[in-house]
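Here's the structure, in structure tokens; my notes come after.
The values are calculated or read from the model by the stated rules, or taken from the named source; none is laboratory data. Everything numeric here is computed off the predicted structure, so don't read it as measured data. Note that we place each Cβ from the backbone using ideal geometry, even for glycine, and neighbour counts take in every protein chain shown. What goes into the accessible areas is simple: the full protein's heavy atoms, side chains included, and nothing from ligands, DNA or RNA. Shrake-Rupley method; radii C 1.70, N 1.55, O 1.52, S 1.80 Å.
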Amino acid sequence: MAQGEGAPSKADSESQLIARAQRGEEEAFAALFEIHKRRVYSLCLRMTADPAEAEDLSQEAFLQLFRKISTFRGESAFSTWLHRLVVNVVLMHLRKKGVQKISLDEVDNSQAEPVKREYGDDDRRLLGSVDRITLNNVIEELPPGYRAIFVLHDVEGYEHNEIARIMDCSVGNSKSQLHKARLKLREALRRDQKRLVRTGPPGRSN
Amino acid sequence: MKDGETVEQSRTRKQDACADFERELAAYLEGEERQSVLSHAESCEYCRCMLADLELIRSSSAEYGFEEPPARLWTNVRATLVAEGVIRQPASFWRRWLPVGGRGLLRSPIPLAAAATLAIAFVIFLKAALPFFRSRPASSSAAGIQPAAVQLASASSPAEGSASVQRTIKALEQEYYANAQSMQPSLQVTYQKSLQSLDNEIQECRVFSQKQPDNALVQQYLSNAYADKAELLQSALEYNLR
Ligand SMILES: [Zn+2]
């Protein structure tokens, strides 16, 4: 995983914290929470695109984590363990909400429908970089299935075979859904930029 | 356009090449070798834009920053862990002030010594303030309007200490709200959020303590939360007077 693993000293102190949390010390729980809260909450927020749901899911994930911290034996990195747990909590939630496997297992028709082309006016690339807020806005618009795969792969750094396993779909599906998600994001970003160019920066339109 | 080719034929040829590009694009972005993708992008403006955009989206996503969860997240997690007995050793009053992993209120990494000084100053303040507040006639009526849950809580804990802390808080709170208007708006928002989060914490502790009046841990949390609140109000007032 790209993020989460630190220098040996950090790992050492984290394993000490885990040992203390296993003894029920509040301070250790608080410190572990503090280290991981942003990453956990951000993942939940991006997967659900809903702050209230993200808060509930983060709470659920931390509760599950702390309730079974006594079973953690250190075979895998703590952050990996936590991360899997969060992803599971979120996916369970999405399934309950009716985000079915269907959206992932639909016939792969990415090859059959090429991108609609309007040569000429649209031959301009996106301007500059894409900041966090803009990205948040357009990710919100993705259908949940696409969003989950996009977040897991492009944001969280999961491999397609891992995604296929946790999302219960094929590697090919994961790849094609990811590609579609990126194309949809591009469309949304270009639309936003056009609107910005037309109306000027927000707040100046009237 | 190639020699002897109609406009229509040229467009079709272009579309075919672009379609080939699109078919190979995903694999190329997955890191597979696709020379045709690069060579087509060189000759086709449209596809070059698409490639550049998708690479930009990929790199921006990998550098996506983190969002800060609301402060009440820990309050809620902690309250549940205490109720379930997962947290068996609560942090002492002192330790909760030191920035070991932080508890939200002292978010800036202030040096340990400064934190300790702050905590000590607070206790000195409390000791100095209590007789003063107690001697004021208003304090008895303030104590009289305490919600039943609080009285229950203070009755089962070192009662006198808890009740006087609550009177102190009440007085501080009145002073805070009297002065809040003159506070810098962003600062006011920050304090207001922290106060809200502490009030939620206190409320939860009260509920738990009603359910389990004999749970010493809950009593300890409750008195810690009151102490936190008094300290927060005090720091707001001090900040405002500067
Ligand atoms: Zn092309």
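In angstrom, the C-alpha Rg and Dmax of region B:7-62 are 12.1, 43.
Amide hydrogen proximity for B:GLN89: with H placed 1.01 Å from N in the peptide plane, the residues at 5 or more positions away or on another chain lying under 5 Å are A:GLU25, A:GLU26.
Checked against a 25 Å cut-off, the cross-linked pairs A:LYS37/B:LYS193; A:LYS37/B:LYS229; A:LYS37/A:LYS68; A:LYS97/B:LYS211; A:LYS37/B:LYS211; A:LYS37/A:LYS194 give Cα-Cα distances beyond that limit for A:LYS97/B:LYS211; A:LYS37/B:LYS211; A:LYS37/A:LYS194. Mean separation of Cα pairs under 8 Å and 6 or more residues apart, divided by the residue count, gives region A:121-199 a relative contact order of 35 percent. Packing order of peptides A:142-152, A:84-94, highest average first: A:142-152, A:84-94 (average count of other Cβ atoms within 10 Å over each peptide's residues). With a Förster radius of 30 Å applied to the C-beta separation of B:GLN181 and A:ARG38, the computed FRET efficiency comes to 0.35. Using the average count of surrounding beta-carbon atoms within 10 Å as a protection proxy, the listed peptides B:57-68, B:17-28 rank, highest first, as B:17-28, B:57-68.
Taken residue by residue and averaged, Cβ atoms of other chains lying within 10 Å of the Cβ of A:19-27 number 5. The calculated P(r) of region B:171-242, using every Cα pair and 10 Å bins from 0, goes 20, 44, 24, 11, 1 in percent. For region A:121-199, the solvent-accessible area works out to 47 Å² per residue, with a probe of 1.4 Å and every protein chain left in place. Computed from protein heavy atoms with a 1.4 Å probe, the total accessible area buried between A and B is close to 5200 Å².
Scoring B:191-197, B:36-42 by mean Cβ neighbours within 10 Å over their residues and listing the highest first yields B:191-197, B:36-42.
For region A:121-199, the percent of C-alpha pairs falling in each 5 Å distance bin, counted from 0 to the bin holding the largest distance, reads 3, 15, 25, 21, 15, 11, 7, 3, 1.
Peptide B:24-32 shows a mean partner chain C-beta count of 3 within 10 Å per residue C-beta. Per-residue mean of foreign Cβ neighbours for B:75-88 is 5 (Cβ atoms of other chains, 10 Å radius).
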